[in-house]
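The values are calculated or read from the model by the stated rules, or taken from the named source; none is laboratory data. Keep in mind it's a predicted model, so treat the numbers as computed, not measured. Reconstructed Cβ throughout: ideal geometry from the backbone, glycine too, with neighbour counts over all protein chains shown.
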Amino acid sequence: TIAKRVVSADFRLVPVKVTIPEGFTIDEIIDILQDSFAGFNKGEFLKLAKNSIFFDNDIRDEPFDSLEGFLFPDTYLFLPEAENSQIISEMRRNFNSKMAPDIKERIRERGLSVYDVITMASLVEEEAREPDTRRMVSGILWKRLSAGMALQVDAVFPYIMGKNTFEITLDDLKVDSPYNTYLYSGLPKGPISNPGLDSILAAVYPKDSDYWYYLSDKEGNMHYAKTFEEHKANKEKYLR
């Protein structure tokens, strides 16, 4: 009947609400989209996420091969029949809208690239949870970078190994990967997640301090140290 056709048509227009949490990887975003859309094509999404058509001028010339880090985490409303290209375009549009002129100007003033900042923001996203601690951790990591120290960020290993949580072993620390910040100095090859605005701001506006080390205890509290000896003492005190 006409009534049934109208109801059916209306159903196709009811938006699908999709929430992408901050710090999710492309693989984790795909899991959410698979649960949200019937007939979701994972292979096509992965292929599109590596298509330079979605790279704007800020990142097009960077040595990376996917949009990891540049799909902005947020709550979206999509039509049920939305194509993957539309989903990616909307997430990229949202990312670009968050990169306000003052943020881009500050990045230029610091002699950095958007790519470097988003890579750092992805580390900060995984290493700290509160705005103040994120800015502090960001300051420590940028300072280590300037000094030529290895960043030694543990959060890269779940990304390298493709696991969510696990105990890091000595063998893990030696795994040969361009994302291994123990084995290689400098920033990892690229972002390890898609950071939220708070972590991006922390990467752009880090907090200066006398600290060189930090650790998070089992309750999530952050403890800082000025020397490696102090850092070792903090490990004994808070992680045993």
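Quick check, is G162 modelled with pLDDT of 90 or more and closer than 26 Å to L71 by Cα? So G162 does not fit the description; no. When L183, L215 are screened for being assigned by TED's automatic domain parsing to the domain that holds M161, closer than 18 Å to S138 by Cβ and among the aliphatic types (A, V, I, L, M), only L215 passes.
A quick yes/no check of all residues on (1) polar (S, T, N, Q); (2) on the phi < 0 side of the Ramachandran plot; (3) crowded, with 20+ Cβ neighbours inside 10 Å:
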{"site": "S85", "(1), (2), (3)": "yes, yes, no"}
{"site": "M91", "(1), (2), (3)": "no, yes, yes"}
{"site": "A100", "(1), (2), (3)": "no, yes, no"}
{"site": "R108", "(1), (2), (3)": "no, yes, no"}
{"site": "S113", "(1), (2), (3)": "yes, yes, no"}
{"site": "R129", "(1), (2), (3)": "no, yes, no"}
{"site": "V137", "(1), (2), (3)": "no, yes, yes"}
{"site": "I140", "(1), (2), (3)": "no, yes, yes"}
{"site": "L145", "(1), (2), (3)": "no, yes, no"}
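Hey, could you check region 225-240 for residues that are part of a helix (DSSP H, G or I) and among the hydrophobic types (A, V, I, L, M, F, W, C) and say which is nearest to W212 (Cα to Cα)? Looking at the filtered set, the residue picked out is F228. Taking the options I192, I168, name whichever one is surrounded by fewer than 16 Cβ atoms within 10 Å (Cβ to Cβ) and in a loop (DSSP other than H, G, I, E, B). Every option except I168 fails the conditions.
None of I87, I53, I29 is outside the structural domain of L197 (by TED's automatic domain parsing), among the aliphatic types (A, V, I, L, M), at pLDDT below 95 and not in a strand (DSSP E or B) except I53.
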